[in-house]
Amino acid sequence: MTQDTVTAGGVRVERIENEVQLQAAYDVRLEVFVHEQQVPPDEEIDALDTDPTTTHVLALDVATGKALGTARLLPNAERPGHFHIGRVAVRKEARGRQIGAALMRALEDIAAQETDGPAEIELSAQIQASGFYRTLGYEQSGDHEYLDAGIRHIDMKKKLAPQPR
C-alpha cells in the first residue's frame, strides 16, 4: 500500500514521517488503550515508539483529516526478515470500516519490501481481536494465553511471500 492509497471506506493510510503525525498516532492509542481498555499510560507509550528502526502508519479520514487508526512495525535485528506488528488501534467510532485490515496490509507491504526473502510477521493479539487477525491469515503460535497490561493475549504469526523488487 502506498502513501496515497485510499480504501473504499474513504480512509488513507500513510507512513508516519514527522512528530505531528506521531502525536496523532499517540492520541489514537491513548484513546483506545488507556481510556477504553484501561491500560496504564506508562505501559502504552514506550522507547520503541521513537526507535529509528520502528515504522508507524496512520489511517486518516480523507474527508476530515481525522486520525482514525494506527499501528507500528518493529524489525527484529537478530533475525533478518522477522518483524513484530503492535499497537494496532482504531477509534471506536471508526470500527467496521476495514481500517484495521488496511493498517495491517500497509505494514505487511513495508515488511515485505524491507527484506530480500520471505518475511515473517509476529504479533501479540488480544484474545478478543484474535479472530480479526485470523481473517488476515495469522495463525496462533504457541499454545498458551498470557496477560499483558491486564488483558489476555496469544501470540500469532504469518509468513509473507517475497515481493518483487
Next on the checklist: What do you get for GluC sites (Glu not before Pro) in the range 7-90 restricted to DSSP loop and a cutoff of at most 14 other Cβ within 10 Å of the site's Cβ?
Outcome noted: Glu17, Glu78
Checklist entry - On full extension of the chain, what length is gained from Glu31 through Asp148, given 0.36 nm per residue of separation minus the C-alpha to C-alpha distance? => result 40.3 nm
Next on the checklist: If you filter the range 99-148 for GluC sites (Glu not before Pro), then keep DSSP loop positions with at most 13 other Cβ within 10 Å, what is left?
Outcome noted: Glu145
Next on the checklist: Let me make sure I get this right: for the range 31-93, a, b and c are the square roots of the gyration tensor eigenvalues over alpha carbons, sorted descending. Under 1.5 in a/c it's rounded, otherwise prolate if a/b > b/c, else oblate. Which is it?
Outcome noted: oblate
Checklist outcome for this item: Note on the range 11-122, DSSP bridge orientation, antiparallel percent to nearest 5 equals 85
Checklist entry - So what is the relative contact order for the chain, in percent, with contacts set as C-alpha pairs under 8 Å and at least six apart? => result 19
Checklist entry - In terms of Cα to Cα distance under 22 Å, which lysines are near enough to Lys92, apart from those fewer than 8 places away along the same chain? => result Lys66
Next on the checklist: Can you compute the helix-only [θ] at 222 nm over the chain? Use -39500 (n - 2.57) per DSSP H run of at least 4 residues, normalise by all residues, nearest 500 deg cm²/dmol.
Outcome noted: -6000 deg cm²/dmol
Item to check | Proximal aspartates and glutamates relative to Lys157, as straight alpha-carbon distance under 18 Å, when same-chain residues fewer than 8 apart are discounted | outcome: Glu78, Glu108, Asp109, Glu114, Glu120, Glu122, Glu139, Asp143, Glu145, Asp148
Next on the checklist: Given N residues in the range 11-122, what is its alpha carbon radius of gyration divided by 2.2 N^0.38 Å?
Outcome noted: 1.04
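A short reminder: the numbers here are calculations on the coordinates, not readings from a lab. Bear in mind that the values here come from a model prediction, so they are computed numbers and not experimental data. Because the Cβ atoms are built from the backbone with ideal geometry, glycine has one as well, and the counts that use them run over all protein chains shown.
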